[in-house]
Every structure is written in structure tokens, then in C-alpha cells.
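The structure under discussion appears below in the form of C-alpha cells.
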């Protein structure tokens with residue numbers, strides 16, 4: 001196990017890693033009788049421009065690692081540097097700013113704000129970044145255009161299909177142009193065809209815009225498309241290998 | 001995230017749940033509405049009272065004989081001389097005399113601006129050709145004009161020669177002149193037959209005064225009784241009354257210290273009556289009575305407004321309740337916002353803004369409703385509506401405060417939500 005963890009070290013060591021996790025432990029209910037250790041010493045390094053898949057059964061700790069990478073939660077022990085910033089020592093306000101500028105979340109259930117137009121949804125991270133209204137609107141329209149939703153800008157989430165919602169969500173994740181896209185089962189609620197569209201979009205962002213993407217999935221076929229596949233089991237990374245590759249985009 | 005964005009967001013959220021927002025606002029609407037309505041009616045009432053008193057000379061001091069007894073019921077009001085309809089009449093030697101009054105004037109000098117003396121001749125009729133009008137005739141001295149703000153529009157008021165000569169002249173209201181002689185006829189120099197009881201005299205009009213149209217004009221069915229004024233000496237001779245007064249009116253020159261002057265006046269005249277077994281003198285002014293009444297209205301107003309304010313409290317709790325429900329419903333939204341980088345204060349501000357907007361919109365609706373209700377109520381009571389600007393400003397401020405106060409706890413709860421739990425919330 002130790003050896004495998006060590007094997008998960010960077011394949012292309014140049015510059016500063018985007019995600020640098022060392023010996024990370026996450027324990028819930030610390031000091032209580034029902035204390036529960038979910039992650040037992042994870043080492044993980046993701047370099048800028050990588051497309052990494054994290055796979056694992058449910059209960060393997062996927063969500064926990066995703067929450068920590070996404071700066072929604074702090075590690076109990078060990079260190080986590082995101083783009084050089086120590087997450088463990090960051091205040092709540094700093095974490096908010098990090099989530100806003102450095103990370104783009106894509107959720108399984110889209111999590112678009114109801115009764116709010118697609119454009120307003122995309123504008124949301126820009127709103128919290130303090131971007132003025134006119135520039136927000138322009139940026140949102142540009143991003144919706146990019147994900148092929150330009151003609152649906154004024155639609156509300158309940159007027160969109162699942163695939164359309166996820167494309168709006170990806171546009172929203174891109175709003176502040178974060179270096180890292182964090183996608184938690186982004187195709188989990190979609191049929192095969194729309195899953196394909198969404199995956200193609202991720203590949204496009206990866207190749208054309210050089211986005212670093214961490215994809216959490218339990219779909220092996222989708223994981224194979226990524227450059228690197230990490231398998232999580234019982235709170236440990238048990239294997240790390242290259243993906244078969246993606247041939248969908250020229 | 002600016003305040004403007006928050007306000008826009010709050011309105012969008014309210015609009016999305018229109019019925020719920022309206023029902024939530026209802027408590028605030030009723031609370032603010034009733035407070036405004038009550039204050040409007042109350043202010044109209046006090047305002048109208050003050051206005052109508054202005055013409056009557058609220059600072060006039062009425063000096064009158066009162067019976068020495070436990071039941072002091074002689075405090076009946078009226079800007080003009082007060083007649084006492086007590087169970088017993090003072091004997092002629094009990095009346096206040098001209099000597100007392102001239103002593104009084106000598107002692108107080110400049111402090112006395114006017115001493116208005118009057119004696120009632122009684123109600124009767126004025127007849128000219130075929131026209132007959134009801135009148136109430138009163139004999140007055142020169143100061144009567146000052147004390148009662150009698151505004152001569154044509155001719156003159158009575159003068160010293162009228163008094164000295166006990167002349168049969170009179171000053172009549174403009175409406176009387178018009179009713180008696182017709183429109184456009186100059187009444188000065190005209191005469192009519194004045195009949196009071198068994199006495200008949202031919203009376204010459206020397207002046208016309210402007211009769212104010214207010215509630216104090218006595219109405220006898222549909223027939224108006226016109227107040228006309230004759231020289232005091234003429235009336236005294238006619239009635240054969242004793243040379244004294246049951247009451248008269250004093251106008252002080254320094255209105256700032258009127259209450260002190262009132263007390264001095266009372267003390268002065270009462271000193272003549274220390275040995276009198278059954279009579280003494282008391283002085284009173286409308287001013288003191290009006291301020292008592294106004295204070296009473298204000299107290300009642302405040303009490304009712306306080307009760308109405310309880311409904312504001314209930315309304316505020318309603319707002320808090322709906323905010324808590326709204327936050328529970330929107331837990332995932334809050335989680336999403338946090339994941340997208342919303343700091344806690346932004347979430348807090350968002351929900352406080354929403355609660356303030358609910359309260360403010362409710363407050364504005366309440367104010368409009370209260371004004372409408374208050375005006376309607378005032379008109380119903382026969383007063384001109386006076387919306388209290390202060391009450392409106394306070395209401396707006398108060399509804400904002402309610403919004404902040406009752407929105408703070410739910411908003412803080414939202415701000416403190418753990419983003420992971422919030423995102424996982426079903």
C-alpha cells in the first residue's frame with residue numbers, strides 16, 4: 001500500500017503543483033466515542049493542465065477527498081496546498097475566496113439556483129468576486145455561448161433539460177476562470193448521449209483552455225478517457241495508472 | 001456583492017413567492033396600518049381642537065363667581081363670558097363691581113391688555129318689515145372686541161360715546177345683515193326692531209363683523225340665532241340689573257406667563273370674598289383646559305398605538321418564521337452559493353435584505369392603508385385629516401428595524417451553514 005501511494009507521485013514534475021496533498025487524514029467526530037477516520041494518509045499531487053479521474057466504490061472516501069480538494073472542508077491531519085496556498089491555515093473568508101477564484105465546481109445534481117435565469121446563474125461566482133454588473137453579463141453570455149447555450153441565456157433551470165443544465169453549470173464553474181475544475185459525478189444524472197456531450201465539453205476545456213480537471217466518477221469508461229486514473233478504496237489510494245485516452249476531439 | 005444586487009435578489013425572491021410574501025407581510029401591514037390610522041385620527045382631532053380654539057382666544061382668562069361649596073361645578077367653559085346656572089343666584093351685593101375691576105387694572109397695569117365685560121339681554125327677534133330673525137343680544141364694553149377677536153368688516157365697533165350715552169346701537173354679524181336687508185345693501189345706519197321678552201327697542205346698526213363659520217354657532221333647528229352686540233350700559237338700563245358682574249373676561253398681555261397671571265388674577269379677586277359666606281371667585285382659561293384635553297387624547301392615542309404595535313411584534317415573528325422556512329427550503333441553494341465562493345457575510349446580508357424588503361414593502365402598504373383609513377375615519381368624525389409625517393417616518397424606520405431584528409437570526413443561521421451539509425441536504 002505504501003509503495004502504491006508513493007507511486008502516485010507526479011508524472012510530469014515541472015513548476016509548482018496545483019494540488020499538493022501529503023499524508024492527509026480526515027477524521028469525523030474527533031474525540032467522541034463514534035470517532036470515524038475516513039481518509040488514512042493520502043498523498044496526491046496534481047499538476048497544472050492534468051485531467052485526473054478519481055474512481056472508487058461508494059464509501060471509499062471519494063466525496064471526502066473531493067470536499068477537501070474543493071476547500072469546502074479542512075484536513076484533520078497532513079497538509080494540502082492548493083496552488084501554493086495552505087488550506088489548513090486559511091480562514092473561512094480566505095476559503096470562500098479560494099473557492100471563488102481557484103475552483104470551479106460541477107455537481108452531479110447541477111445545483112443551479114431555481115427561478116433564476118441561466119445567465120444569472122453563470123454570473124453568480126462573478127457576483128461574489130465583485131465584478132460589476134455589465135462585465136458579469138458579458139462574461140456570462142460569452143461562457144454560455146462557449147458551452148452552446150447562448151440561445152438559452154434567459155431560460156430558467158426548470159425550462160432546461162438535464163444536459164443543458166449541466167452545460168450551464170460548467171459555464172458557471174468557468175466564470176472566474178479558475179485553474180481547477182472539480183467535477184463530482186457530472187454525468188451521474190444524465191443519459192449516455194448527454195453524458196457524452198458533457199464529457200466532450202470537459203475535454204474541450206482541458207485541451208483548448210488548458211484547464212486542470214479532477215473528475216470523480218464510478219463510471220470506468222469515462223475514467224478511461226482521463227490522463228490519469230486514481231483508485232480510492234477504504235480511504236486509501238490503492239492504484240494509479242494512465243488512462244486509455246480520449247479520441248473524441250481532434 | 002453589492003447592496004443593490006441583494007435588493008434585486010430579494011425582490012426576485014419575493015416575486016417568486018407572491019402569496020407567501022403577502023401573507024407574511026400581513027402582520028406588518030396591519031400593525032403599521034393601524035398605528036398610522038390611529039395617529040392620523042388623533043392628530044386630526046387635536047389639530048382641529050387647537051385650530052377652533054385659536055379663534056376663541058384660548059389665553060383669555062374667565063373670572064367668575066363660584067359658590068363656596070364642595071361641588072365646584074362652575075368650571076363650565078366658553079370663550080365668551082360664562083353664565084352660571086347654579087342652583088342659587090348670587091345676590092346683588094355678591095357681584096364683582098366696577099371698583100374691583102378698576103383696582104385690578106390699577107394694580108396690574110400693563111399686564112392687563114383687556115377686561116371684557118358683558119351682560120346678556122337674552123334671546124329675541126329682530127324684525128324689519130316682514131323679515132324676522134332670531135338673535136341673541138349681549139351688552140358689551142369696548143374691550144370685548146379684543147378679547148373675542150371680533151373682526152369689523154364694515155362700519156365700526158361700539159365706542160365710548162355709545163356706552164356713555166346708553167345709545168341704542170348695535171354691531172351685527174355679516175350674515176345677519178345680509179339676511180335682514182338683502183345682498184348688496186349697506187347696513188350701516190339701518191335700523192330694526194329688537195324684541196326681547198316684553199321689551200322692544202329700535203336698534204341702529206353701526207358696524208358689521210365677520211361671523212366665523214365654526215361649530216360654535218348655535219343652531220336652533222334650521223334657524224340660526226345671530227349674536228348681536230349692544231353697549232353694556234344700554235343693556236344694563238334695559239334689564240335693570242344690579243351694577244356688578246357674575247363673570248368677565250381678562251386678556252393678559254404676556255401670554256408666555258399666562259398661567260401665572262391667571263393665578264394672580266384669581267387671588268386678587270378672591271381676596272374680596274374671604275369673608276363672603278357663600279361666594280368666591282375663580283379664574284380659568286381655555287388654554288389650560290385645551291392642553292388637558294390634548295394631553296388626554298395623546299395618552300389615549302399612545303395607548304391604542306402601543307396595542308397596535310403588538311401586532312407589529314406578531315408580524316415580526318411571522319417574518320422570522322417565514323425566513324426560517326425559506327432558509328430550510330433553500331439550504332442547497334445556500335450550499336451552492338458557498339461552494340461558488342459566497343462568504344458568510346454575503347449570505348447573511350442576502351437574507352437580512354430579504355427580510356428588510358418584506359418588512360419595508362409591508363410597511364409602505366401599511367402606511368398607505370393607514371392613511372386611507374385614518375383620512376376616512378377623520379372625515380367620518382368631521383375633521384380634516386392630518387397625516388402625521390413623523391409617524392410615517394417612524395413607521396418606515398421601525399419596519400426596517402423589525403426586518404433587521406427578526407431577519408438577523410435566520411440570516412445568521414444561513415450564514416453559518418456548513419457548505420458540505422448544505423449541499424448534501426435533500
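Of the residues A:29, A:110, A:202, the one that moves most in a GNM of chain A with alpha-carbon contacts below 10 Å is A:29.
Once you reduce the range B:160-193 and the range B:316-385 to the center of their Cα atoms, the two points are 67 Å from each other.
Across all directions, the average projected area of the convex hull around the alpha carbons of chain B is 29.9 nm². Each peptide among A:64-76, B:147-159, A:85-97 gets the average number of other Cβ atoms lying within 10 Å of its residues, and from highest to lowest they stand as A:64-76, B:147-159, A:85-97. Just to confirm my numbers, what's the Cα centroid distance between the range B:9-53 and the range A:80-118 in Å? The range B:9-53 and the range A:80-118 have Cα centres spaced 44 Å from each other. The angle separating the long axis of helix B:18-56 from the principal Cα axis of greatest extent in chain B is about 20 degrees. Compared with the dominant principal axis of the Cα atoms in chain B, helix B:98-108 is inclined by about 50°. Note on the protein assembly as shown: Cα-only Rg and Dmax are 45.2, 135 Å. Overall shape: oblate for the range B:167-301, with the ratio a/c of the largest to smallest alpha carbon gyration tensor axis at 1.5 or above and b/c at least equal to a/b. If the segment from residue B:129 to residue B:303 were pulled out straight at 0.36 nm per residue, it would be longer than the present Cα-Cα gap by 56.7 nm.
For the residues B:27, B:397, B:407, a GNM of chain B with alpha-carbon springs under 10 Å puts the largest fluctuation on B:397. Peptide B:327-336 has a mean of 3 when you count, residue by residue, the C-beta atoms of other protein chains within 10 Å of its C-beta. Label point of residue B:259 set 7 angstrom out along Cα-Cβ; within the range B:285-329, amide nitrogens under 17 Å from it belong to B:285-299.
Taking 0.36 nm per residue of separation and subtracting the Cα-Cα distance, full extension of the segment from residue A:244 to residue A:161 would add 26.8 nm.
Could you tell me what percent of the DSSP beta bridges with both partners in the range B:61-285 are antiparallel, to the nearest 5? Could you put the intermediate results ahead of the total?
Details: 41 of 53 bridges.
Restricted to the range B:61-285, the bridges split so that about 75 percent are antiparallel.
Normalised by the number of residues in chain B, the average gap of Cα pairs under 8 Å and 6 or more apart makes the relative contact order 31 percent. Using alpha carbons only, how many angstrom separate the centre of the range A:166-233 from the centre of the range A:127-149? Result: 21 Å between the Cα centres.
Mean sequence separation of contacting Cα pairs (under 8 Å, at least six apart), scaled by the length of the range A:188-250, corresponds to a relative contact order of 26 percent. Against the longest alpha carbon principal axis of chain A, how many degrees, from 0 to 90 and to the nearest 10, is the axis of helix A:133-146 turned? Its long axis makes an angle of about 80 degrees.
Under the criterion of Cα pairs below 8 Å and six or more residues apart, the relative contact order for the range B:127-258 equals 37 percent.
Each value in this text was obtained by applying a stated rule to the coordinates, not by laboratory testing. Predicted model, so just to flag it, every value in this text is computed and none were measured. Neighbour counts run over all protein chains shown; Cβ positions are idealised from the backbone, glycine included.
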